[in-house]
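Okay, so here's the structure we're looking at.
Every read-out reported here was derived from the displayed coordinates using simple, explicitly stated rules and does not represent laboratory data. Since the model is a prediction, treat every value here as computed from it, not as a measurement.
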Amino acid sequence: MKGTKDFPQCGFSNTVVSILKSLNVPFETHNILENELLRQGLKEYSNWPTFPQLYIDGEFFGGCDITVESYKSGELQEVLERAMCS
């Protein structure tokens, strides 16, 4: 993401952080603004051009729009609950 969970540096990153915090799930962030190799590598790995990118159990889940939609539908909560039980 752009920034950190304590200091998101774009609105999209802030949205995803807010959602994850509201769900009280533990999560880590990596500031792609500090590491160009990480930024480019993640774009290639996920085949997704934008940030933030949410990974659950090491699998790419989606960007901000997908995270918001899955949160609204309840899917995100279900996926996170399964991940925390595995």
Most mobile listed residue (SER73, SER18, SER46) in the chain, GNM with C-alpha springs under 10 Å: SER73
Degrees separating the helix 64-73 axis from the principal Cα axis of the chain, which is the longest one: 0
Cross-link partners of LYS2 among aspartates and glutamates (Cα-Cα below 14 Å; sequence separation of 8 or more within a chain): GLU28, GLU34, GLU36
Cα extents of the chain along the three principal axes, largest first (Å): 33, 24, 21
Hz values of 3J(HN,Hα) by residue in region 3-8 - Karplus curve (6.51, -1.76, 1.60), Gly and Pro given as x: x, 10, 5, 7, 8, x
